[in-house]
């Protein structure tokens, strides 16, 4: 039985889920099941929509969520990592560096200083 929702809409919805709930289960396998496709096809479809793999899309969404939390929260880095969907502070740190940012603690300090200078 085929899903009645067009595949393009399912992929858009899936990508929105990642952004709306970065800490959710966004393993490639879970996302492929939700989209009703294989993991390989999921990666092709996400790449068509975004230009990057599904895993990289999830990581970027999590970095964006963590960055927003770092800017507006004084929560410890471990709590922010968890809320943003990272398994550890170290995983979050590596993702920040891959995204071209400074490490999370330095990112927080920079944004706090920038806010104070306005």
| Please state the relative contact order of the chain as a whole percent: Cα pairs under 8 Å, 6+ residues apart? | 21 percent
| note | Burial-style ranking of 54-67, 26-39, 80-93, 7-20, average other-beta-carbon count within 10 Å with highest first, yields 54-67, 80-93, 26-39, 7-20
| task | Can you tell me the FRET efficiency between residue 38 and residue 90 if r is taken as the Cβ-Cβ distance and R0 is 30 Å, rounded to the nearest 0.05? | result | 0.45
| query | Given (1) 16.1; (2) 15.2; (3) 19.4, which label gives Kirkwood radius over Cα pairs in Å as computed from the coordinates? | reply | (2)
| said: If I take R0 = 35 Å and measure r between the Cβ atoms of residue 74 and residue 48 in this structure, what FRET efficiency does the formula 1/(1 + (r/R0)^6) give, to the nearest 0.05? | reply: 0.30
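Throughout, read-outs are computed from the coordinates displayed, never taken from laboratory work. Keep in mind that this is a model prediction, so the values were computed, not measured. Every residue, glycine as well, gets a Cβ built from its backbone with ideal geometry; the counts of neighbours run over all protein chains shown.
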